Amino acid sequence: MFDNSIKAYEEAKEVIPGGVDSPVRAFKSVGGTPPFIERGEGAYLFDIDGNKYVDFVQSWGPLIFGHADKDVEEAVINTAKKGLSFGAPSPLETELAKEIVDMFDNIDKVRFVSSGTEATMSAIRLARGVTGKNDILKFEGCYHGHSDSLLVQAGSGLATFGTPSSPGVPADLTKHTLLCEYNNIENLKKCFEDSDDISCIIIEPIAGNMGLVPASPEFIKACRELCDANGALLIFDEVMTGFRASLKGASGILEEQADIITFGKVIGAGMPVGAFAASKDIMNHLSPDGAVYQAGTLSGNPVAMSAGLVNLRKLKANPEVYEELNAKAVKLVNGFKEVASKNNIALQVNTRGSMFGFFFCEESPTNFKEVGKCDFDRFAKFHHEMIKKGFYFACSQYEAGFMSTAISNEDIEACIEAANEVMKNL
Ligand SMILES: *Cc1c(COP(=O)(O)O)cnc(C)c1O
């Protein structure tokens, strides 16, 4: 069933480290060979062995209208015919910026980059530049891309300063990164007691990189208050949740608002786009208006802008899709929960708009440590068997799931039925 993919994987490994250009794609945490994809169409992925999958990954979030959406495709083709990149300003950038700025009261200006990693990295530089402070505070289990100062793990004992989580990152570059437990207000307060040099808190307000684990409203409130009391900026990393958790992302759900928001994924509809945005007081610090340097040869790429414009305009014109997507996400995870309990398996589920998560554990996790206590072997087996039945889920319990409008209720019902079969033998 996977013969061609197995061959392709071996071939890829000869010339690409691990055979992949982003490690999660290698299926290391669930085992087996990743299917090599030939094409996507609506709800489905087709691999090079001719297998068809209902895709609940959606390129890790961007494809909210499914694969090869006709409107996005048309915009991309028409724009590409006029040239792929100019290295000079084009009106499409302003158009997309306006669509974003119009949606948020706390945002006046936006700068486009080419990935989520770049967006968060630049947002942090901006926060440091604006506040004149050096430390940043992040939370265990939140992912903000792979830039040096964000690749930290808990250090020994009670130290709040993180240690590098990857070789190649000097401790000198992470000594300004404080690490704190998600949803733990006491821990958060302690960080602010330990350092009077905190420039910003960066947080996934609805974490999607340790499964789906939302922050409590009280926790977000504490983040906001501690930032205000200490002259720090609050950054919502909405690279995943932006235009996913709701039309306005987590910002649209939560009471508290951020000073800087980062975007990615849906904003590019599958093209490489990221962005960071804030009030003009903050954004005016950026080069060329201000002194904080940031740049990109392909930033604001016209083809990418045209794809993002279609995604955002379609979402804004049809805000009811979020109810439809959430209803589908709820239908799926509730179905899973039901068949799990029929089979005496503990399963915890979460949804936020078009995002969903499920954990094989007794209690709903609220932070990274608790997610770590879930049954990873069971998840790996489940994942493997579901792939064989034609249902493509993120290959780690640390990842969220994504609904697209292209996925039908029939697809979901078939998926629940398959899950029932699989859970009988878990
Ligand atoms: C995916 C993601 C990033 C990194 O984006 P890339 O485009 O992969 O660099 C940053 N933050 C969050 C919350 C993400 O989900």
Residue pairs meeting the criteria (Cβ under 8 Å; at least 6 apart or on separate chains; first at negative phi, in the range 1-28; second assigned to a loop (DSSP other than H, G, I, E, B) and hydroxyl-bearing (Ser, Thr, Tyr)): 2/33; 5/33; 6/33; 9/33; 24/396
Test: residue in the range 85-103 that is within 23 Å of the chain's Cα centre (by Cα), touching a residue at least 40 places away in the same chain (Cβ under 8 Å) and on the phi > 0 side of the Ramachandran plot: no
Qualifying residue in the range 30-41 (condition: part of a helix (DSSP H, G or I) and either open to solvent by 40 Å² or more (accessible area, probe 1.4 Å) or in the same structural domain as residue 208 (by TED's automatic domain parsing) (or both)): no
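Name the one entry in 215, 229, 207 that is within 13 Å of the ligand (Cβ to nearest atom) and either more than 23 Å from residue 122 (Cα to Cα) or among the polar types (S, T, N, Q) (or both). It would help to see each step written out before you state the result.
Values: 229 fails: within 13 Å of the ligand (Cβ to nearest atom); 207 fails: either more than 23 Å from residue 122 (Cα to Cα) or among the polar types (S, T, N, Q) (or both).
So the residue among 215, 229, 207 that is within 13 Å of the ligand (Cβ to nearest atom) and either more than 23 Å from residue 122 (Cα to Cα) or among the polar types (S, T, N, Q) (or both) is 215.
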Unique residue being at positive phi, under 22 Å from the mean Cα position of the chain (by Cα) and at pLDDT 95 or above when the list is 300, 308: 300
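Might you let me know whether the range 48-62 holds any residue that is free of Cβ contacts under 8 Å to residues at least 24 places away in the same chain and either under 23 Å from residue 419 (Cα atoms) or open to solvent by less than 50 Å² (accessible area, probe 1.4 Å) (or both)? Before the answer, list the steps.
Residues of the range 48-62 free of Cβ contacts under 8 Å to residues at least 24 places away in the same chain: 50.
Subsequent filtering for residues that are either under 23 Å from residue 419 (Cα atoms) or open to solvent by less than 50 Å² (accessible area, probe 1.4 Å) (or both) retains 50.
There is at least one residue in the range 48-62 that is free of Cβ contacts under 8 Å to residues at least 24 places away in the same chain and either under 23 Å from residue 419 (Cα atoms) or open to solvent by less than 50 Å² (accessible area, probe 1.4 Å) (or both).
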Residues of the range 86-121 satisfying the condition of being among the small types (Gly, Ala, Ser), open to solvent by 10 Å² or more (accessible area, probe 1.4 Å), within 16 Å of the ligand (Cβ to nearest atom) and in a helix (DSSP H, G or I): 116
Residue match in the range 229-245 (condition: in contact with a Pro (Cβ under 7 Å, 6 or more places away or on another chain), of a type in the set (A, V, I, L, M, F, W, C), in the same structural domain as residue 308 (by TED's automatic domain parsing) and in a helix (DSSP H, G or I)): no
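Do we find a residue being among the hydroxyl-bearing types (Ser, Thr, Tyr), in contact with a strand residue (DSSP E or B) (Cβ under 9 Å, 6 or more places away or on another chain) and within 16 Å of the ligand (Cβ to nearest atom) anywhere in the range 57-65? First the steps, then the outcome.
Narrowing the range 57-65 to residues among the hydroxyl-bearing types (Ser, Thr, Tyr): 59.
With in contact with a strand residue (DSSP E or B) (Cβ under 9 Å, 6 or more places away or on another chain) added as a condition, the list becomes 59.
Still in the list and also within 16 Å of the ligand (Cβ to nearest atom): 59.
Scanning the range 57-65 turns up at least one residue that is among the hydroxyl-bearing types (Ser, Thr, Tyr), in contact with a strand residue (DSSP E or B) (Cβ under 9 Å, 6 or more places away or on another chain) and within 16 Å of the ligand (Cβ to nearest atom).
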Exclusive hit being surrounded by fewer than 22 Cβ atoms within 10 Å (Cβ to Cβ), touching a residue at least 12 places away in the same chain (Cβ under 8 Å), within 28 Å of residue 69 (Cα to Cα) and among the hydrophobic types (A, V, I, L, M, F, W, C), set 339, 321, 349, 292: 321
Any hit, the range 153-175, residues being among the basic types (Lys, Arg) and closer than 23 Å to residue 111 by Cβ: no
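Of all residues in the range 365-392, which are in contact with a helix residue (DSSP H, G or I) (Cβ under 7 Å, 6 or more places away or on another chain) and open to solvent by less than 10 Å² (accessible area, probe 1.4 Å)? Outline the logic, then answer.
Step one: list which residues in the range 365-392 are in contact with a helix residue (DSSP H, G or I) (Cβ under 7 Å, 6 or more places away or on another chain), which gives 365, 382, 385-386, 389, 391.
Correct list: 365, 382, 386.
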Set 173, 126, 137, 151: member being open to solvent by less than 60 Å² (accessible area, probe 1.4 Å), in the same structural domain as residue 110 (by TED's automatic domain parsing) and modelled with pLDDT under 95: 151
When residues of the range 63-73 are limited to those that are in a helix (DSSP H, G or I) and touching a residue at least 40 places away in the same chain (Cβ under 8 Å), the one surrounded by the most Cβ atoms within 10 Å (Cβ to Cβ): 72
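The values are calculated or read from the model by the stated rules, or taken from the named source; none is laboratory data. This structure is a prediction, so every number in the text was calculated from the model and none was measured. Neighbour counts run over all protein chains shown; Cβ positions are idealised from the backbone, glycine included. With ligands, DNA and RNA removed, areas are computed over all heavy atoms of the protein, side chains included. Shrake-Rupley method; radii C 1.70, N 1.55, O 1.52, S 1.80 Å.
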